[in-house]
1. Considering region 46-61 alone, what residues qualify as being surrounded by 10 or more Cβ atoms within 10 Å (Cβ to Cβ) and either under 17 Å from the mean Cα position of the chain (by Cα) or β-branched (V, I, T) (or both)?
2. For region 1-54, what are the residues that are among the hydroxyl-bearing types (S, T, Y) and not in a helix (DSSP H, G or I)?
3. All but one of (1) at pLDDT 80 or above; (2) surrounded by 10 or more Cβ atoms within 10 Å (Cβ to Cβ) hold for F18, so report the exception by its number.
4. Working carefully through the options L43, L33, find the one that is without any contact (Cβ under 8 Å) to a residue 24 or more places away in the chain, of a type in the set (A, V, I, L, M) and surrounded by 12 or more Cβ atoms within 10 Å (Cβ to Cβ).
Amino acid sequence: MPADRPPYRTLSVGLLSFQGQFVSDQGAFFAGLTIATFPVVILFLIFQRHVMSGITLGALK
């Protein structure tokens with residue numbers, strides 16, 4: 001399975017395919033970035049209490 005075929009690309013590599021050498025589709029690029037960022041932000045908001053307690057627990061001696 002070669003990684004250069006579109007179905008096997010990761011999201012970050014797929015987003016870079018919107019940028020060409022001289023012309024880039026900035027609207028599609030930023031829409032893809034927004035779509036890629038939403039799940040991470042939503043998961044953080046759901047588990048924010050657990051993340052913060054884990055960070056403070058690791059800071060204690």
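The values are calculated or read from the model by the stated rules, or taken from the named source; none is laboratory data. Keep in mind it's a predicted model, so treat the numbers as computed, not measured. All Cβ positions, glycine included, derive from the backbone under ideal geometry; neighbour counts span all protein chains shown.
1. Residues satisfying the conditions are I46, V51.
2. The answer is T10, S17, S24.
3. For F18, the exception is condition (1).
4. Numbers: L43 fails: surrounded by 12 or more Cβ atoms within 10 Å (Cβ to Cβ).
Sole residue among the options that is without any contact (Cβ under 8 Å) to a residue 24 or more places away in the chain, of a type in the set (A, V, I, L, M) and surrounded by 12 or more Cβ atoms within 10 Å (Cβ to Cβ): L33.
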